[in-house]
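Below: the structure, in structure tokens.
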Amino acid sequence: KLVLYLLDVLDSYYCKDVRRILAKTPFDKIYTFYKADALQQGFTYFDTYYSSLSPDKSPDAWSGTKTDLFFWGTDGGRRKMIESVYDVFSAAGYQTNFGICYADENSHKPGITYNQPIPYPEVLRRISDSRCILDIVGDYSKGVSLRYFEALTQGKKLITNNPLVKDMRLYNPAQVLVFENPSDIDPAFLELPFENSYNNEFSPLHWIDHLI
């Protein structure tokens, strides 16, 4: 059997080779993480694709203080909203760890780190030292990002402007806050109790079981 599993949307730049291959390769099954592609192309939707990964614990790993809210990512048209969320939580007295990469060199907001990319293991380390993750949909974003899976696997809260997470398995409004406008966010969300019931549901092992 020949199976294809798409971890990006079909019309993205990164799938250009996949589109070429699809035109002449008879796959027995095509899976996608993006529900819209499944509906439009007749693919099989399957969202199980994230392993629980350990944070970076190497000697040179970040050793900053624990924070309340974490964001690190590219600008991608998200900068204004990211900075607005930062303002909401800073004004409420919460500790943040924000980084915006590939941003314009002008008008940097004090308290946010700019143009300093960090490797993914370091992202996990900082998530593990934070109470909550911020997820902002960029101009190029489609589907649900890794932030949802990181929150579930690490037992963290998530604040996002992506309404698609409401359709995800294990969605819990006490753990995941979906907003439209940063001014609508109540920072007290961080204080709401929740029970993280994740039990390896998103492991790729379940996809293998599905194939078998």
Can you tell me how many residues in segment 136-149 are within 14 Å of the chain's Cα centre (by Cα) and in contact (Cβ under 8 Å) with a residue 60 or more places away in the chain? 9
Residues (within 21 Å of SER90 (Cα to Cα) and surrounded by 14 or more Cβ atoms within 10 Å (Cβ to Cβ)) located in segment 172-212: GLN175, VAL176, LEU177, VAL178, PHE179, PRO182, ILE185, PRO187, PHE189, LEU190
Scan segment 37-56 residue by residue and report those that are of a type in the set (Gly, Ala, Ser) and either open to solvent by 70 Å² or more (accessible area, probe 1.4 Å) or assigned to a strand (DSSP E or B) (or both). SER54
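Output the residues belonging to segment 165-175 that are more than 12 Å from the chain's Cα centre (by Cα) and touching a residue at least 12 places away in the same chain (Cβ under 8 Å).
Looking only at segment 165-175, we keep the residues that are more than 12 Å from the chain's Cα centre (by Cα), and these are 166-175.
LYS166, ASP167, MET168, ARG169, LEU170, ASN172, ALA174, GLN175, listed by residue number.
The values are calculated or read from the model by the stated rules, or taken from the named source; none is laboratory data. Quantities reported herein were computed from a predicted structural model and do not represent experimental measurements. So basically every Cβ, Gly included, is an ideal-geometry build from the backbone, and we count neighbours across all protein chains shown. Ligands, DNA and RNA are excluded from the accessible area calculation, which covers all protein heavy atoms including side chains. Shrake-Rupley method; radii C 1.70, N 1.55, O 1.52, S 1.80 Å.
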